[in-house]
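The values are calculated or read from the model by the stated rules, or taken from the named source; none is laboratory data. These numbers were taken from a predicted model, which means no experiment stands behind them. For neighbour counting, all protein chains shown are included, and Cβ atoms are generated from backbone atoms with ideal geometry for every residue, glycine included. Remember, those area values only see protein heavy atoms, side chains included, never the ligands or the DNA or RNA. Shrake-Rupley method; radii C 1.70, N 1.55, O 1.52, S 1.80 Å.
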Amino acid sequence: LAVDQANGLIYYTDSASVDTTRALFAYDFINNNHILIDNDLGSNGALTNVVIGARGVGSGAAAFNAGSLFLGVESGAGDAQIWRLTFSADGRTLAGVSTFGSNLASTDWGDFAIDTANGNLLSITGTGITRFNLTTGAAVAGTFTNPGGTQGATDAAGNSYVVGTLTQGNAPIIQRFN
């Protein structure tokens with residue numbers, strides 16, 4: 001799930017981790033209806049095709065920032081890729097598709113989050129948090145130890161958090177990153 005607040009859309013895919021999971025949808029939370037954005041991200045005509053492996057697009061991570069959906073696709077073949085999907089102004093039509101950052105080794109994403117204060121995408125896995133510059137896609141020096149969180153979030157003030165495993169007393173681990 002990733003939210004485009006400006007257009008009132010929540011982007012999502014089917015969560016099945018199979019190669020037939022190829023579609024991107026949006027829920028318009030203002031008008032209460034579901035929209036098919038693209039029925040096959042692996043076949044985009046004039047736009048770049050998202051490389052879809054054995055897990056489809058249902059296994060990975062996503063975050064939205066400034067007109068672009070950052071979609072992490074776990075191929076299941078020992079590599080993974082982050083894709084930048086750019087939308088028309090209303091958020092309902094794909095205007096561009098490109099790779100973001102370099103091809104990654106086998107990755108089991110928990111989630112992505114946007115660190116607006118530092119201009120970074122946070123790539124959250126069970127073992128670490130890697131930052132990517134939102135403009136260039138380059139990895140920012142250093143990988144941060146994950147405190148046990150697997151889900152990322154950014155609040156309205158631009159603060160980034162990871163949330164995860166329950167600790168003693170059944171309180172979740174919540175760590176702020178900026």
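Quick rundown of the values:
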read-out	value
Per residue, in Å², the accessible surface of the stretch 10-53 once ligands and nucleic acids are set aside, probe 1.4 Å	56
Solvent accessible area, Å² - Asp90, 1.4 Å probe, full protein context	70
Exposure of Arg92 as accessible area (Å², to 10), given a probe of 1.4 Å and all protein chains	80
Net length gained if the chain between Gln151 and Asp14 were fully extended (0.36 nm per residue, minus Cα distance)	47.5 nm
Spacing of the two label points (7 Å from each Cα toward its C-beta) at Thr136 and Phe29, in nm	3.4
Mean Cβ neighbour count within 10 Å, used as a protection proxy, ranking 49-59, 5-15, 28-38 highest first	49-59, 5-15, 28-38
Dimensions (Å) - the stretch 1-120, Cα atoms, principal axes, largest first	39, 35, 27
³J(HN,Hα), Karplus 6.51/-1.76/1.60, whole Hz, each residue of the stretch 34-40, x for Gly, Pro	9, 10, 8, 7, 8, 7, 8
